[in-house]
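Asks: Pasting a structure below so you can have a look.
The values are calculated or read from the model by the stated rules, or taken from the named source; none is laboratory data. A quick note: this is a predicted structure, and the numbers were derived from the prediction, not measured. Glycine also receives a Cβ, built like all others from the backbone with ideal geometry; neighbour counts cover every protein chain displayed.
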Amino acid sequence: MYKVVTPKSDAEFEAYFHFRWEHLRQPWNFPPGSEKDEYEQVAEHRIITNRKNEIVACGRVHLNTAEEAQIRHIAVHNDHMRKGLGKMVMVALENVAKDLGAVRAVTNSREISIDFFASCGFVVEREAPNELGMLKRQQMVKKFTENNTLVLHPKWCKALQETWSETIPITEHMGIKLYQYTGRTLETRASLNKNINIHGTMFAGSIFSLATLTGWGLIYLQLKERGLSGDIVLGDGDIHYHKPITMKPRAICNIETLSGKFAPLQKNKKARFELSVAILDNDTAVAEFEGVFWVLPPEVSDKE
């Protein structure tokens, strides 16, 4: 399972900067140290780690002005390309920028990265200064609006939210909302105030419900992607709690954790899926959910 993490210790930052140099500077024969600049102390840094806690992607954001954030140093390990990790980093950094009050983000992209940033909603505005005096770049801009919070298929996301509200009314009482969908990653959030216990933390049962609905939601959207339908039911769920939630409840499910085959549904047979959901308090990982879901095609669910 991939997790978005904020480096904190000296060892974590050392590994993070080495990863940045190895993937963004070494290929151009720049020496160690060239991956850093004067904004490191005022920037927000994010890394993505795998199950072995190895860094597989990274990125950074800082404010140029009170309204403008600059995103830099997006890198993904070659062995983990085409898994949506670049967009996963971008979503995390854009969320940080919005929380800081930015209304737009800029990035200076090399020619080889323009298509990637364009797929994230950025548009070329003008030519940017060369990087390290030799690498040609274009400045790209993205304005933050309510309409671009849901990166992909907003109609499906709206339908999912309405499905939750109509068939699982408790989601309204818990304040569970679909926050972001990239096609590979689904993020949901819940209201802490509506789920707070006498200790000032989120109820464990509410955390379990948030995780379950997030996994349910990713399968729902993946069915939409394939033009399929069916009744999604939870077969089994297991959650491990590590820390309490005291600030911002978030749940993230990445398609890389999803295992199972959709083919049986095309033959009107039920399909079994397993997935993982990461639970965070703001940017701190606090719990992991492992779930087994079944999708029953209409013909099967009508008979049972």
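Asks: Do you know which of the residues in region 163-203 that are part of a loop (DSSP other than H, G, I, E, B) and more than 23 Å from the chain's Cα centre (by Cα) is surrounded by the most Cβ atoms within 10 Å (Cβ to Cβ)?
Replies: Residue satisfying both the conditions and the ranking: Thr201.
Asks: Taking interchain pairs and intrachain pairs at least six residues apart, which have beta carbon atoms under 6 angstrom, with the first residue in region 158-169 and at pLDDT 90 or above and the second among the charged types (D, E, K, R)?
Replies: Close Cβ pairs satisfying both conditions: Ser165/Glu172.
Asks: Before we move on, is Ile207 part of a loop (DSSP other than H, G, I, E, B), buried (at least 17 other Cβ atoms within 10 Å of the Cβ) and touching a residue at least 40 places away in the same chain (Cβ under 8 Å)?
Replies: no
Asks: Anything in region 1-22 that is under 28 Å from Ser259 (Cβ atoms) and either in a helix (DSSP H, G or I) or over 20 Å from the mean Cα position of the chain (by Cα) (or both)? List them, or say none.
Replies: Phe19
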